[in-house]
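Have a look at the structure below, then the notes.
The values are calculated or read from the model by the stated rules, or taken from the named source; none is laboratory data. Remember, predicted model here, so these are calculated numbers, not experimental data. Using ideal geometry, Cβ is built from the backbone for each residue, glycine included, and neighbour counts are taken over all protein chains shown. Note: areas computed on protein heavy atoms with side chains; ligands, DNA, RNA excluded. Shrake-Rupley method; radii C 1.70, N 1.55, O 1.52, S 1.80 Å.
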Amino acid sequence: MTRFPSLSQSSAMSLKKQGKYRFNDFEVDLAHRTLRRDGHIVEISPKTFDLLAFLISHPQRAIATDALLHALWADAFAEESTLSQHIFLLRKALTASQPGNKLIVTIPGEGYRFNSKVSEIPQPEAQANQRTLPPPPAPVAQAPKPAEAIPAADDESAEPENRSGGFGAFLNPGPLQITALFGIVAILAFSSWLIWRSLHPSPPAANQQSKGLMIGDFDNSTGNADFDLSIRTALAIDLGQSPSLRVTPDKKVTELLNQERAERSASNLSTAQPTALELTRAVCLRLNNQAYLTGDLRRLAQNYLITIRAFNCTTGSTLAESRGIAETPDGVVAVLDKVALDLRKQLGEPRKSVERFNRPLFADRAPSLPAVKAYADASHLIAVGKYSDAIPLLHRAIDIDPRFALAHADLGTAHANLGQRDLAIASVTRAYELRDTVDEESRFFIAATFHNLVTGDLQASIRNNKAWSEAYPRNAAPFGNLAVLEIEIGQAAQALEPARRALELDPSNDVSYEVLARAQMHLGQYDEAASTCHLAITRRLDSEEIHGFLFQIAFIHIDQTAMDEQMAWGKDTPAESSMLQQQGLMEFAQGKVKAAQATFLNAVASYRKQGQNEQANRLLESEPRILAELGLPDSAHTLLSRLPTTADSADVPVAWAAIGETTRAADLLKDQLDVHPTATLWQQYQGPQVRAAIALNQHRPADAIQALQAAYPYDLRGFAVPMLRGRGYLADRKPVLAEAEFRKIIEHPGIEPLSHNFPLARLGLARALVQQDKLVDAGFAYKVVLQIWEDADPDLPPLKAAKAEYAKLTAAPIKKNASVSVTRHN
């Protein structure tokens, strides 16, 4: 989604011209905003008319997509899919009576061109001024699309049923093509990214020399064990605020140290045990780092002497050394701040960078070793996913130092990962209030967590992560966050670059592979997504998400063997519940409702057995809406009556609305909007769905369409909004607009490969074509629906309706549409 600046003067003029113009057998009156053909009005929407006005002002010129968006949606949010819809509708209006006449041509990688010559119709007082409109004084700016941009879905070179986004299987009905596109991709969870700050201290700026650094063990001879992990943690925070250093997370160092020991033991090359320095240097080389730190802490009379040295990983030579003396254990923490600052200078960080990125761990307050000790132990537990164990330690750190902002932030992260929303919000809000007490990189992290968990303001979060990535361009966290956020707002094409950057910067994090694969799936890049998944598997970084994507890709390719392989992978493992969820969604899409309900029950039981109650509850909340939209209100009501009334999901109020309980749906919506006053998705995406579902149930389709206006920018986030809008247009007897909505789903199966909305969109398309009197096309569309549901439950309501409608259609004489031909993909 792009926000465009104000129109340039020439672009604005093209939308404000007066007078009449002619092309082919059409006449455009810009003053009265009408389009006529042979004297008859051609109905088009106001925004589609604006598009036409702009095109005829720039005839026979390539116009970049960005330029069109700029002209039509100045100072507003818009996206390519919105423009694509209006291009589609305008072509419909202009070519309905002229088969094959391409007035608007798609230029791959550039934009569009209006092909016809345009003439100004002379007014009675100015007959002498009739002329052919000249080209504009300067060419319209052409901004090439990224290589990964979604191909134009409205290219006239494609026949009506060939708009599949590479999913040709449904275009060739046959005995081997008995399948359906399926299910709801799980909501992107931010929680995985929220722990990146503790796992990924900040790396170097792009314009500075990168220096990879790992922190080895320290020799603590003081007899005070509180120093052991505390020194490493405090030093990592101090050094991590530098954009010139790339500090390897302690968790990664520990893993590689253990691996190095095991390999040396297995090789039996020597009976001598390697020293700690030898192991540290070997791991440093594995990481391709330039330096490693070690040091010692010892008593000096009544004081504490701390010495830290940096060594070259390749040669073992000393690069830097700094030391300091503290009078008390708490004072060691303050001395570490100064020692770390001195090391940064010796390691070559520019003076301006040192001055800017320098914030003591305990700024403006007394340092506390016990607080650091509790925080260090908690961070270690969070790094290995032991959130419940970490919470008491974080509380201890906060009790000692109530202004310990990082402890508040990590406490919020732990609660969020445990599904404890209210506690998470309270902790993160407190961290945000204290953000000025931490270093700049930590402020970015806290702000990202705050917007994700508390405000839900996705645009604010995007701005924060962009600023974070600019200040710390070699930190994977902000790039990963940006990719997740772009997918959340339906801009998968914008997610590709940051997702790839996150993976490049940190190929050891499994979340990087998941986010990149998800973006590729949304864009229909199934081979690329499969490659990303297999790369994660090769590197032993696969997860249930990765195997879920492979299951979906196998379904798209109608590869039962590959699907069975993925199900077998999850069998009798913690991932089995997730894979069962995938299977259940697929069965719902295939119309096998009874089988799907049984599979969901098994998945819920599996989740609960593993203590994953939050996942179990989310799955239960999604099922009633599926049942209601598949025409099974009684089954939906039975499940809804068992759910808690405070479910934080739009699926629940939509389901209540769909079965006729509109008052209850409206009350639930009000509660959620009150709880989420600044949440982008509730205010602009989920809330509109509930309002639309209420209006549709009350037979007010125009109100449903109006309710969904705010959700336009998020149409490619999922299938829910296009489906509701398509149903609204169909009920309002606007079949061309309904067709455009259903095609959004049909042309982008990778967004929700397991969605029950895919076959429903096919059925909606058939009905829209009937309303347009395109009976041959409609008959073909019905055949596809019946093939998708060939093995469905015979009493499935939409299946029974489809059969009846098709029988009625085929019983009547059908005039072949002269403008339609169907190309089969082999």
### Task
Compute the normalised compactness of the range 583-660: alpha-carbon radius of gyration over 2.2 N^0.38 Å, N being the residue count.
1.04
### Query
Label point 7 Å out from Arg540 along Cα-to-Cβ: which residues of the range 270-314 have amide N under 17 Å?
283, 286-287
### Task
Please work out how much length the chain gains when fully extended from Thr678 to Gln273, using 0.36 nm per residue of separation minus the C-alpha to C-alpha distance, in nm with one decimal.
139.9 nm
### Query
Among 783-790, 754-761, what's the highest-first ranking by average C-beta atoms within 10 angstrom per residue?
754-761, 783-790
### Query
Quick one: accessible area per residue over the range 455-575, 1.4 Å probe, rounded to a whole number of Å²?
37 Å²
### Summary
Here the tail fraction of P(r) beyond 26 Å, over all Cα-Cα pairs of the range 247-373, rounds in percent to 35 percent
### Message
List the lysines whose Cα sits under 19 Å from the Cα of Lys352, skipping any in the same chain fewer than 8 residues away.
### Response
Lys211, Lys338
### Summary
In the structure shown, of Lys744/Lys808; Lys386/Lys744; Lys92/Lys466, the pairs separated by more than 32 angstrom at the C-alpha atoms are Lys386/Lys744; Lys92/Lys466
### Task
Could I have the simple spin-label model distance between Arg351 and Ala807, label points 7 Å from Cα toward Cβ, reported in nm to one decimal?
8.9 nm
### Query
Put a dot 7 Å past each Cα toward the Cβ at Ala62 and Ala31; how far apart are the dots in nm?
3.7 nm
### Measure of compaction for the range 591-632 (Cα Rg per 2.2 N^0.38 Å)
1.20
#### Entry: Set of aspartates and glutamates with alpha-carbon distance to Lys345 below 12 Å, sequence-local pairs under 8 removed
Glu321, Glu355
### Task
Set the Förster radius R0 to 35 Å, insert the Cβ-Cβ distance between Glu43 and Arg463 as r into 1/(1 + (r/R0)^6), and round the FRET efficiency to 0.05.
0.30
### Message
Given R₀ = 60 Å, what would the calculated FRET efficiency be for Thr314 paired with Ile558, taking r from the Cβ atoms and rounding to 0.05?
### Response
0.70
#### Entry: Gain upon complete extension [Glu433, Lys251; 0.36 nm per residue less C-alpha separation]
62.6 nm
### Task
Note down, for the range 209-292, the three equivalent ellipsoid semi-axes (square root of 5 times each alpha carbon gyration tensor eigenvalue), biggest first, whole angstrom.
24, 18, 9
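Would you work out what percent of the accessible area of the range 626-676, with all protein chains in place, is carbon or sulfur (probe 1.4 Å)?
Numbers: 1130 of 2340 Å².
That fraction is 48 percent.
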### Query
Distance in nm between label sites at Ala568 and Asn602, each 7 Å beyond Cα in the beta-carbon direction?
1.6 nm
#### Entry: In range of the label at Lys117: residues from the range 44-59 whose backbone nitrogen is under 17 Å from the point 7 Å along Cα→Cβ
56-59
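Set the Förster distance to 56 Å, then compute FRET efficiency between Gln302 and Val384 from the Cβ-Cβ distance, nearest 0.05.
On the way: r = 38 Å, r/R0 = 0.68.
The computed FRET efficiency comes out at 0.90.
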